[in-house]
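Any read-out appearing in this document is the output of simple, stated calculations on the displayed coordinates, not a laboratory observation. The structure displayed is predicted, hence computed values, not measured ones. A quick note on method: Cβ atoms are made from the backbone with ideal geometry, for glycine too, and the neighbour counts reach across all protein chains shown.
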Amino acid sequence: MNRRLSLVAALAAGALVLAACGGDDEDTAPATEAPAATEAPAGDDCPTITEGKITIATGNPAYSPWVENDAPESGEGFEAAVALAVAEELGYTGENVVWVRTTFDEAIQPGAKNFDFNLQQYSITTERAEIVSFSDPYYSSNQAIVALAGSAAEGATSVADLVDVKFGAQAGTTSLDFINEVIQPTTEPFAYDDNAGAKAALEAAQVDAIVVDLPTALYISAVEIEGSSVIGQFPATAGGTTDDFGLLFEKDNPLVACVNTALATLRDGGQLDAFAQQWLSDNAGVPVIAVG
Amino acid sequence: MNATVPGMSDLPGTDASGLTRRQIFERRQRRRSIVVAALSTTVVIAAIVILVPMTPGWYRVRRSFFNGETFAETFPRLLDAFVLDLKIFAWCAPFILLWGLLLALARGVRTPALFPLRLFATAYTDVFRGVPVILTILLVGFGVPGLGLSRPWNSPYLWGSVALVLAYSAYVAEVFRAGIESVHESQRAAARSLGLSSGRTMRHVVLPQAIRRVVPPLMNDMVSLQKDVALISLIGPIEVLRQAGIDKSKFANFTPYLGAALLFILLTIPETRLVDHLQNRQRRRTGATAIR
């Protein structure tokens, strides 16, 4: 008898799973949560999750040169400076700017967010944009390779020189996609939760080279890992992909339009370039690696 | 069967099919409980199927957790990555069982001169059972290769596996110890009085009984190991959990996690059934009657 009961339960549970998975097309209808509304004029219509305050999220920890000393409140570091400038444009300063921390992955989840916007070098991709919303780009970066002296990646001038290199990168980033899709090495790359893992693997020679965005690469080679250097970068002109970093919002957050206006003001006023100059290393002179 | 089951009041003794009133009553009870079980299951499932989609975020959750397209696209990759999990499991499990058994034996040593051995085994199980597996993996997986070993001795596969063996052998040792201690003292006494040495008593009398008794809890640990193998991804290798995480970030969709969960379940369910089968066979062989 118990067996029959559990059979009934199993059948019913199966029906539930089918009901959940089946018919993807039938209810696209409720998904029409007014995508047009995001285009609403900025004006005073810029609601934040806590009235009178703006809540900004970044990584935990946040890394240099994006946020210096893991203290975004100070406004030191490129992203900290950009975030505070955006907040100021929207009319929030001092204690009305609240910082929270999320992991990289955590923020790319569906549903409500505990921040107004999040910045930790999120590349804008169409897949991500289906779940969350992005602002216009506040920085564009090339992918770059960091390796220790004497590694298999040293002296590479084209992707063909890199196929036998063991790569490492942070999981879930466009850097890892770049390794798999553009470089396509013969051995599978290693992936880590964060760049700290990738850097440890590089130091321990578990990987020959790691792929990160160019400013991070320059910082790692100059400050963090002795004996490492930036082997090269992959600009779009060389067949690589240039990553546009955007501020990340809950899907269809009306605040996006306001922030875009603020970013445009900062860009036109030259502040974005000034922040880049102040906090990011000069990337002129990094060799370009040809793709294909 | 008989279509005309009369009401009980009409029945003096047995009906046409030769069933007693008791049997008819029991059959009716049985049918009734099946109907009730089916009904209540249907109601619960229906409530879930109807109420869950009524939640405001359902269409988003559905799009990001039950996305057929993403599933179809990512599942083959997950399957590939899962092979690595199986490999790691396959080469770790024998070492764990062996090392765990040795530890259990060391803990049971009764010779005064070998007390340090006993002390070591006790301390070992205390430490590795107390430290979360994930920490052991991170410490061993990043720490040891950092010593500057050269390839292949700095491989994360190697040190990740070592960490799993260290951690799981502590659990397994306790299971073996419980089995050894569950063998009645009279068994040892009988063996010794027959002239067996203490070592041979352990080998031929105690262990065969002990191991048989601990097969179910051991399998429990093995199923648990099967899942914890995924933690090796933290130190680089891309196994199924990491692959799912990468695809999750890439598609900004959680369906790959569902695919990974499915793979683990598909593996552990047959394992569990196998243990049930072994148990039943053993019970039949040892002649004990199951009390129902």
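Assorted remarks:
- You can think of it this way: the chain between B:THR268 and B:SER193 has 22.6 nm of extra reach, that is 0.36 nm per residue less the Cα-Cα gap.
- Per-residue average of Cβ from other chains inside 10 Å of B:142-149: 4
- Linear extension gain, B:GLU69 paired with B:HIS204, 0.36 nm per residue minus alpha-carbon span: 42.9 nm
- Among B:THR125, B:THR41, B:THR136, the largest mean-square fluctuation in a Gaussian network model of chain B (Cα springs under 10 Å) belongs to B:THR41.
- When chain B is treated as a GNM with alpha-carbon contacts under 10 Å, the residue of B:ILE246, B:ILE50, B:ILE134 showing the greatest mean-square fluctuation is B:ILE50.
- Of all DSSP beta bridges confined to the protein assembly as shown, the antiparallel ones make up roughly 60%.
- At 1.567 mPa s and 4 °C, Stokes D of region B:11-54 from Kirkwood alpha-carbon radius, µm² per second: 101
- The phi-based Karplus calculation (6.51 cos²θ - 1.76 cosθ + 1.60; θ = phi - 60°) puts the 3J(HN,Hα) values of region B:200-207 at 6, 4, 4, 5, 9, 10, 6, 4 Hz, whole numbers, x for Gly and Pro.
- With all pairs of separate Cα atoms included, region B:68-285 yields a Kirkwood hydrodynamic radius of 19.4 Å.
- Candidate lysines for bridging to A:LYS251, where Cα separation is under 28 Å - those fewer than 8 sequence places away on the same chain excluded: A:LYS53, A:LYS113, B:LYS248, B:LYS250
- Packing order of peptides B:257-266, B:197-206, highest average first: B:257-266, B:197-206 (average count of other Cβ atoms within 10 Å over each peptide's residues).
- FRET efficiency, 1/(1 + (r/R0)^6) with R0 30 Å, evaluated for B:ALA123 and B:ARG151 via beta carbons: 0.35
- Distance between the modelled labels on A:ALA160 and A:ASP105, one decimal in nanometres: 3.8 nm (7 Å Cα→Cβ projection).
- Chain B: DSSP helices with Cα axial extent of at least 24 Å and average Kyte-Doolittle hydropathy no lower than -1.0: B:21-51, B:68-107, B:156-182, B:255-285
- Look at the stretch B:50-61: the mean tally of other chain Cβ atoms within 10 Å of its residues' Cβ atoms is 3.
- Relative contact order of region A:141-238, defined on C-alpha pairs under 8 angstrom at six or more residues apart (%): 44
- Shape of region A:141-238, Cα gyration tensor, a/c cut at 1.5: rounded
- Shape category assigned to region A:67-138 from the gyration tensor of Cα positions, a/c cut at 1.5: prolate
- Spacing of the two label points (7 Å from each Cα toward its C-beta) at B:ILE48 and A:ASP244, in nm: 4.3
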